[in-house]
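This report refers to the structure that appears directly beneath it.
The values are calculated or read from the model by the stated rules, or taken from the named source; none is laboratory data. Small disclaimer: the values here were computed from a predicted structure and weren't measured. Reconstructed Cβ throughout: ideal geometry from the backbone, glycine too, with neighbour counts over all protein chains shown.
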Amino acid sequence: MHLAPTNRIPRLFAALACFAVFAAIAALLVLQWPPILKLDESISKWPQQVAADNQSLGSFFKWLGTFTGTRAQTVYTVIIAVLLLIKKQHRAAIWTIAVMVTVGIAIPLLKRVFERDRPQWSDPVVTLHNYSFPSGHAVGISAMASIAVVLSLLLVRKRGLRRTLIVGSVAFALLVGADRIFLGVHYFSDVIAGFALGTGIALLWLAIFDPNQKTIAEKHDPLPQANPAVRSGHVGVVLNPIKVEDPAKFKAMMETLAAEAGYDDVKWWHTTVEDTGHGMAREAIAAGVDVVVAVGGDGTIRAVCEELAESGVPVGIVPAGTGNLLARNLELPLYLRSAIDVALSGQDRAIDLVKISGDELESGVFLVMAGMGFDAAIMEGVNENFKDKVGWPAYVWSGLKGMMFPAIWVEISIDGGEFTRHHARTVVIGNVGYLQAGLPLLPNASIDDGEVDVVLLHPKRFVSWVPLAARILTQSERSDDLVMRKRGRSVVVRAEQKAPRQIDGDPIGPGKEIRAESAHGVLLVRVPR
């Protein structure tokens, strides 16, 4: 999903509409308009009495008020800003801080301007002595809900999760508004005006300052071309259409960013069930494009990269799958707009592919890792519907179900040497070092060193997973029967009996053998500058 940076005028008008609602309520209160005063009294009386009569309910609302007050909102703002900075979303962090600083300045100032007294009750749940209009909680929480909505649109790719965050943020803001009325510390109009003001401030800053990161083309001069005469000005896109929620909007975003990056046009190819990207990539090369942007999951990325190897045409990766392990190991952005930006305007890096073959297996390549045994059984055991809904935790659940996958006897040969015999629950051959959630399974692996790394895991009992996990998390280089490490330019793994196999997270069927050989520096990949 993408928050379009060009909608400043509509955002400004929306902000002005919110401010108009606030100003109208404020004017009616200053004029002591009887209908609004009567409405405040009629709406506020019953909730306050309910909270006063129900100690548990009153305690809940007092707790909620404490943890959504000015100090709490300040802490939440700092946490959000720090997380955004860690994720290199600097402009979103600045926008978030600007919104909440404006809120912090506006609330006490406006309370002083209007000087509306707090509601008075015969049996108060909470007694406050400062002014009532507007509700500071309502202003702050509506601004924070607006921030949550914007950040969800900006950074969250999965539609279901994004909708959940947006609906949850709005619902929580409404709950906090109700809290102020049930506690009897604000009138209904204080809360509604606060909602309008907080939302208006967020929209105003959205019109003034774009939280989207600036593109590489905006920040940097174009990189020098090795041979400018052969530059065509064309971008080729190989798209798995089921991996983007709105192909038309994605196409518009791609073409806009390509134009900003100096490309003349974008040529499109869609993958099919029969062809995950091989034929499309070959056609893109034949069309003479300057870069091929692969958009999809690990399978699409692998197919495109296999065809682009040794072609001299760089590949830009827009990860749209569940694993996205290559993108994570290359530190490519996972946010859609940022990923497209790097694919179009990043710098080229030469990386290795790994050629793979085996019994009952067509020759191919992998980019991340291949495996035999437990890890492949995890991939086979993942429920696809569950994976689509929750993402990588589906692999964790599958792994927990299969932790005692039986060990297998294997023989391993490195660089054509003698075979050595081992007992292992899983054998992983890696071109990169890190799995999901940053798990350093092969911490010494490098995607451009011309070698593959091998790890054999053999927890003999269920409790053996504990020291094994400790060894992996601490990146221990110790090699023994529990965790054994090997490396070389090529490796052959032979099992005594058929075992599950996988490449780049995709099951490839059971077999007895995997042969892998590093192809050093044959692929150009766009990476951040």
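Considering THR300, THR272, which residue is without any contact (Cβ under 8 Å) to a residue 24 or more places away in the chain, of a type in the set (Ser, Thr, Tyr) and under 28 Å from VAL365 (Cα atoms)?
THR272
Pairs please, first residue from region 352-363 and over 11 Å from GLU517 (Cβ atoms), second anywhere and outside any strand (DSSP E or B), Cβ atoms under 8 Å, 6+ apart in sequence or on different chains.
The qualifying pairs are GLU360/GLY509; LEU361/ILE508; LEU361/GLY509.
Identify all residues within region 110-127 that are surrounded by fewer than 14 Cβ atoms within 10 Å (Cβ to Cβ) and assigned to a helix (DSSP H, G or I); write none if there are none.
ARG112, VAL113
Yes/no matrix, rows are residues, columns are (1) at positive phi; (2) polar (S, T, N, Q); (3) at pLDDT 90 or above; (4) not assigned by TED's automatic domain parsing to the domain that holds GLY65:
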{"site": "VAL149", "(1), (2), (3), (4)": "no, no, yes, no"}
{"site": "LEU161", "(1), (2), (3), (4)": "no, no, no, no"}
{"site": "VAL167", "(1), (2), (3), (4)": "no, no, yes, no"}
{"site": "LEU175", "(1), (2), (3), (4)": "no, no, yes, no"}
{"site": "PHE182", "(1), (2), (3), (4)": "no, no, yes, no"}
{"site": "ILE192", "(1), (2), (3), (4)": "no, no, yes, no"}
{"site": "ALA229", "(1), (2), (3), (4)": "no, no, no, yes"}
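Only one of these is among the β-branched types (Val, Ile, Thr), under 31 Å from the mean Cα position of the chain (by Cα) and not assigned by TED's automatic domain parsing to the domain that holds ILE340: VAL103, VAL50, VAL125. Name it.
Answer to the selection: VAL103.
Would you mention how many residues in region 75-89 are at pLDDT 90 or above and surrounded by fewer than 15 Cβ atoms within 10 Å (Cβ to Cβ)?
So the count comes out to 6.
Restricting region 309-363 to residues that are polar (S, T, N, Q) and assigned to a helix (DSSP H, G or I), which is farthest from VAL525 (Cα to Cα)?
Here the residue is SER338.
Return the residue satisfying two criteria in turn: it lies in region 12-57 and is in a helix (DSSP H, G or I) and aromatic (Phe, Trp, Tyr), and of such residues it is surrounded by the most Cβ atoms within 10 Å (Cβ to Cβ).
PHE22
Can you tell me which of (1) touching a strand residue (DSSP E or B) at 6+ places or on another chain (Cβ under 6 Å); (2) in the same structural domain as PHE405 (by TED's automatic domain parsing); (3) farther than 25 Å from VAL244 by Cα is the one ILE378 doesn't meet?
Result: ILE378 fails condition (1) only.
Being touching a helix residue (DSSP H, G or I) at 6+ places or on another chain (Cβ under 6 Å) and buried (at least 24 other Cβ atoms within 10 Å of the Cβ) is the filter; apply it to region 272-300 and report the residue that is nearest to ALA343 (Cα to Cα).
By that ranking, first place goes to VAL293.
Could you check how many residues of region 58-100 are free of Cβ contacts under 8 Å to residues at least 12 places away in the same chain, within 29 Å of the chain's Cα centre (by Cα) and in a helix (DSSP H, G or I)?
9
Do you know which of the residues in region 128-149 that are without any contact (Cβ under 8 Å) to a residue 24 or more places away in the chain and in a loop (DSSP other than H, G, I, E, B) is farthest from MET100 (Cα to Cα)?
Result: HIS129.
Can you tell me which of GLU283, GLU245 is of a type outside the set (Phe, Trp, Tyr), touching a Lys or Arg at 6+ places or on another chain (Cβ under 6 Å) and either under 23 Å from ARG162 (Cα atoms) or at pLDDT 90 or above (or both)?
Exactly one of GLU283, GLU245 is of a type outside the set (Phe, Trp, Tyr), touching a Lys or Arg at 6+ places or on another chain (Cβ under 6 Å) and either under 23 Å from ARG162 (Cα atoms) or at pLDDT 90 or above (or both), namely GLU245.
Looking only at region 87-141, which residues are among the aromatic types (Phe, Trp, Tyr) and farther than 17 Å from GLY177 by Cα?
The answer is TRP95, PHE114, TRP121.
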